[in-house]
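What follows is a set of notes on a single structure, which appears directly below.
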Amino acid sequence: GAGVSQSPRYKVAKRGQDVALRCDPISGHVSLFWYQQALGQGPEFLTYFQNEAQLDKSGLPSDRFFAERPEGSVSTLKIQRTQQEDSAVYLCASSLGALAVSSEQYFGPGTRLTVT
Amino acid sequence: DQQVKQNSPSLSVQEGRISILNCDYTNSMFDYFLWYKKYPAEGPTFLISISSIKDKNEDGRFTVFLNKSAKHLSLHIVPSQPGDSAVYFCAASEIPGTYKYIFGTGTRLKVLA
């Protein structure tokens, strides 16, 4: 398929474990975003990449959250020492242009993380 | 502090009638507004957008209205179809930094056949 894909779709982690969530954006898309969506809430911005450069990480809730996009395509969101409050759906989105000015963001299906 | 508010968590409409989904915002710096639709177990999909220089944008059955003085926007779906049943998110962004969308909490629309 040509859309944004994410893996795994579901992840259950014990409190304190590290997790890694993968995002494959649409081929050729310059911009990549991560969002966190808690139950009953809208998506909340976490971080933004333009190619391999992480231009904005202001939404990352703590230093346990780390994202990378080393070759400007696939991205990984890593959460260290998971806590119960990290339980949420993590959404990845990509868009064609830089800075996504008036450019539609295409979302993946998300990874539902449950921390027990 | 919720900068984008969707005060109706759910809405039911009869097929063929008009659906009106509302969204209020508090940040006067917001310059670009979008609506996304989300089906269960899928990511949000873009529906329609509007820039603050306009007060209306239309795309087929979907029309978005923007009232800047009231800091209010609405999405009209006419006529509503059962396939429109989904959660609708309103989102807003400032310029510069247009990429950072601030989303509302969503409204679940159910179109009854």
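The values are calculated or read from the model by the stated rules, or taken from the named source; none is laboratory data. It should be emphasised that the depicted structure is a prediction, and the values quoted were computed from it without experimental measurement. Quick reminder, even Gly has a Cβ in these numbers, built from the backbone with ideal geometry, and neighbours come from all protein chains shown.
Residues of the stretch B:1-48 that are small (Gly, Ala, Ser), at pLDDT below 95 and buried (at least 19 other Cβ atoms within 10 Å of the Cβ): B:43 alone. Listed by position, the strands (runs of 3 or more DSSP E) inside the stretch A:72-116 whose residues that are modelled with pLDDT of 95 or more and loosely packed, with under 15 Cβ neighbours inside 10 Å number at least 1 are A:75-79, A:111-115. Only one entry of A:60, A:55 meets the criterion of being surrounded by fewer than 21 Cβ atoms within 10 Å (Cβ to Cβ) and at pLDDT below 95, and that entry is A:55. If you check A:59, A:28, A:42 for being within 24 Å of residue B:32 (Cβ to Cβ), more than 14 Å from chain B (Cβ to nearest Cβ) and not in a strand (DSSP E or B), only one passes: A:28.
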